[in-house]
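Throughout, read-outs are computed from the coordinates displayed, never taken from laboratory work. None of the values given here were measured: they were computed from a predicted structure. Cβ sites come from the backbone with ideal geometry, for glycine too, and all protein chains shown count toward neighbours.
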Amino acid sequence: MIEILSSAALATVQDLGRTGSLRWGVGTSGAMDNMALAAGNLMLGNEIDAAAIEVPVFPFKLRFGEDCAFALTGADCAARLDDQPLMPWWVCQARAGQLLTLGLPQGGAQRGSRAVLCLAGGVDVPEVLGSRSTQLRGAFGGHEGRALRRGDALRAAGAGRSCRTGFGLVPPALALPLQADGLPAVRVLPAAEYLGFEEASRAAFWAGEWKITAQSDRYGYRLAGEALRPVAPMEMRSHGIVPGVIQVPHSGQPIIQMRDAQPSGGYPKFGTVIEADLWRLGQAPIGSRIRFVEATWDQAIAALDEVQAWLDKVRRIVDLHRSSPCMS
């Protein structure tokens, strides 16, 4: 059992997301950085989609009520177990009564914005529509369908079991770097209404820097840059959208749909961030600037293969460091 000691931290329980429910108007939710969640689970010997705690606001503090192995991935947040500094992307052992504190994210140009705390066996909350992810808009899933609050108690399904600890990984931001002119970048496929925008606007989208504004959250990232102008006004009926879709409202400032995006929208679709790069976007801090790189369908598929190859390497590393699987 762990007890949350922070208030208003906007931390939520997330897994890899709720698939198969878009036809009922239910969004995917899930970890903003799915690579961090998957890797943390693999390091602990969990199922790859076990539920974890995603922390986007710092500092964050909790107390372990029983012995429990855990992995910290995502943003390097100067974590401490009692007074002992912890390495990022590392598997650790906590004893009953110890305090885990996550400080402000570190890392300069590689700084992330969300930490992921994976627990042995995963966070034990009920499945709703096949997922343990928190759906904030619908107020279901996760822990009572809401962000965690001071005093909340969560159970780790594998607390007390023996796990190999004391090893870590090189994070994917370093293993799979992607930048354009010194800025973090994500790859984008042009979407259905792309050619409906002026040629100069299309060129500016790829050439310019885009700021992630303070009006950004798990639902969507609102960007600030050179306005994207349509060749002619576009009025559209609402239609299906998914995380990664870049829509352009009347202001001309794009909105990227994120993990808690609603499943339909009516703004023109300029592009789509490829699935393999959504984790990069999920770690981009509010106020930071990013660049977009045009991708082809074949390049998007190849990028998924790169992600899978990295996860396969994680499995091999874990097998080397773990003398035996976690056992009851």
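Could you put Leu72, Leu104, Leu81 in order, starting from the residue whose Cβ has the fewest other Cβ atoms within 10 Å? Could you put the intermediate results ahead of the total?
Working: Leu72 27, Leu104 11, Leu81 18.
So the ranking, lowest neighbour count to highest, is Leu104, Leu81, Leu72.
For the ranges 217-225, 237-245, 26-34, 45-53, what's the packing order if you count other beta-carbon atoms within 10 Å of each residue, average per peptide, and put the highest first? Walk me through the numbers on the way to the answer.
Working: 217-225: 19.6, 237-245: 16.0, 26-34: 26.2, 45-53: 23.8.
Averaged packing, sorted descending, gives the order 26-34, 45-53, 217-225, 237-245.
Along its three principal axes, how long is the chain when you only count alpha carbons? Whole Å, largest extent first please.
In descending order, the Cα extents are 63, 37, 31 Å.
So what is the relative contact order for segment 119-226, in percent, with contacts set as C-alpha pairs under 8 Å and at least six apart?
Relative contact order for segment 119-226 comes out at 17 percent.
Which value, in debye to the nearest 20, gives the size of the charge dipole of segment 177-226 about its Cα centre, when Lys and Arg are +1 and Asp and Glu are -1 at the Cβ?
240
Rounded to whole Å and sorted largest first, list the principal axis extents of the Cα atoms in segment 32-143.
Projected onto the principal axes, the Cα atoms of segment 32-143 cover 39, 34, 24 Å.
How big is D, in µm² s⁻¹, for segment 1-60 by Stokes-Einstein at 37 °C and 0.692 mPa s if Rh is the Kirkwood radius over C-alpha pairs? Walk me through the intermediate numbers first.
Values: Rh = 12.8 Å.
It diffuses with D of about 256 µm²/s by this estimate.
Below 30 Å, Cα to Cα, which lysines can Lys269 reach? Residues fewer than 8 away in the same chain don't count.
The reachable lysines, counting only those whose Cα sits under 30 Å from Lys269, are Lys211.
Net charge around Tyr194, counting only other residues with Cβ within less than 12 Å of its Cβ (Lys, Arg = +1; Asp, Glu = -1)?
It works out to a net charge of -2.
Over all directions, what mean area does the Cα convex hull of segment 179-295 project, stated in square nanometres?
6.4
Give me the percent relative contact order of segment 179-295, please, defined on Cα pairs under 8 angstrom at least 6 residues apart. Intermediate values should be presented prior to the final figure.
Values: 258 pairs, mean separation 47.7, N = 117.
Relative contact order here is 41 percent.
Describe numerically, in nm with one decimal, the distance between label points set 7 Å from Cα along Cα→Cβ at Arg149 and at Gln84.
According to this spin-label approximation, the distance is 3.4 nm.
If the chain between Ala203 and Ile286 were fully stretched, how many nm would it gain, using 0.36 nm times the residue separation less the Cα-Cα distance?
Contour length minus the Cα-Cα distance gives 27.4 nm.
Which net charge results when you count Lys and Arg as +1 and Asp and Glu as -1 among the other residues whose beta-carbon is under 13 Å from that of Arg95?
Result for the neighbourhood of Arg95: -2.
For a quick check: sort Met1, Met258 by the number of other beta carbons within 10 angstrom, fewest at the front.
Values: Met1 14, Met258 22.
Fewest-to-most ranking of Met1, Met258: Met1, Met258.
Relative contact order of the chain, please, whole-number percent, based on alpha carbon pairs below 8 angstrom and at least 6 residues apart. Write down the numbers at each step before the final one.
Details: 840 pairs, mean separation 68.1, N = 328.
21 percent.
For segment 99-178, which trypsin sites (Lys or Arg not before Pro) are both in a DSSP coil and crowded by at most 13 other Cβ atoms within 10 Å? Mind dumping the intermediate values first?
Working: sites: Arg111, Arg114, Arg132, Arg137, Arg146, Arg149, Arg150, Arg155, Arg161, Arg164; in loops: Arg111, Arg114, Arg132, Arg137, Arg146, Arg149, Arg150, Arg155, Arg161, Arg164.
Those satisfying the criteria are Arg150.
Compute the distance from the alpha-carbon center of segment 127-177 to that of segment 254-293, in whole Å.
Between the Cα centre of segment 127-177 and that of segment 254-293, the gap is 22 Å.
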